[in-house]
Amino acid sequence: MLFRQLFDRESSTYTYLIADRAAAEAILVDPVLEQVERDLKLLKELGLTLRYCLETHVHADHITGAAQLRSATGCLSVVPDRAQVDCADQFIQDGERLKLGSVDVQAIATPGHTDSHMAYLINGTHLLTGDALLIRGCGRTDFQSGDANALFDSVTQRVFTLPEATLIYPAHDYRGQTVSSVEEEKRWNPRFVGRNRAEFRAFMDKLDLPDPQKMMEALPANERCGKSIATPANNFSI
């Protein structure tokens, strides 16, 4: 399995490239519009055909590159079941799997940050947690039908019950951290350690965070797989 963690500095977003080298087929998870050229260049250099653009959720802080990548490569846009997206080729459900050769991607429903959030377990060892669980943190729960109780249950019952050696790869990091593990987050994540469900909800309710800067642009665009009125015509090729 080829596994690459790619970073967009403006939004502090991690995009993940996962591929089966023998089959020369790839998946991109949480692609960013401004990084489409980077991603296409890397796919070409590695000799990979992009089969899927896979989203953990409908993002509020950046615009997805799914529409541009689909236009350039013919890949399928895949989003979580119940996501309010009208352009997806496929909706993935809890427990459903995507397979590319030796690569197995299992969807794990982790609602709370949004009501249709998914984490993805790659080959049983690498967990892409989206915004549900960050390194020593977690995603906010105050908009997009977020629910602190649901997020607490998702993390403690769906993520923390996985083998402790499972590697954690989030959709964002703002301090330069790249990877953690289930064991580390169970022991050291200050949002969850020592808190019960009610205490976690009380903590999240008091965060009073500002809205993401791109929210008014990103949410409607991501409901169209990254297409917006201002999105230029696609000139990419691979």
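Please treat every number below as a calculation from the coordinates, not as lab data. Computed from a predicted structure; not experimentally measured. With ideal geometry, Cβ positions are generated from the backbone for all residues, glycine too; neighbour counts draw on all protein chains shown.
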Legend entry - Within the stretch 2-209, percent of DSSP bridges classed antiparallel, to nearest 5: 65 percent
Inset, instruction - Quote to one decimal, in nm, the extra length available between Tyr174 and Asp211 on full extension: 0.36 nm per residue of separation minus the C-alpha distance between them. - result: 11.7 nm
Legend entry - Cα-based radius of gyration of the chain once divided by 2.2 N^0.38 Å, which approximates compact folds: 0.96
Legend entry - Helix-only CD estimate at 222 nm, as mean residue ellipticity for the chain, using -39500 (n - 2.57) per DSSP H run (n ≥ 4): -5500 deg cm²/dmol
Legend entry - Separation in nanometres of the label points that stand 7 Å from Cα toward Cβ, at Arg21 and Arg187: 3.2 nm
Legend entry - Label-point gap, in nm, between Asp81 and Asn123 - each point 7 angstrom along Cα→Cβ: 2.7 nm
Inset, instruction - Calculate, in nm to one decimal, what Phe203 and Leu167 gain on full extension: separation in residues at 0.36 nm each, minus their alpha carbon distance. - result: 10.3 nm
Legend entry - Count of lysine pairs in the chain with Cα separation under 24 Å (8 or more residues apart, or interchain): 7
Inset, instruction - Specify the residue with the greatest mean-square fluctuation among Asp208, Asp30, Asp142, computed from a Gaussian network of the chain linking alpha-carbon atoms under 10 Å apart. - result: Asp208
Inset, instruction - May I ask for the longest run of the chain untouched by chymotrypsin sites (Phe, Trp or Tyr not before Pro) that are loop-located per DSSP and have at most 15 neighbouring C-beta atoms (other than their own) within 10 Å? - result: 1-142
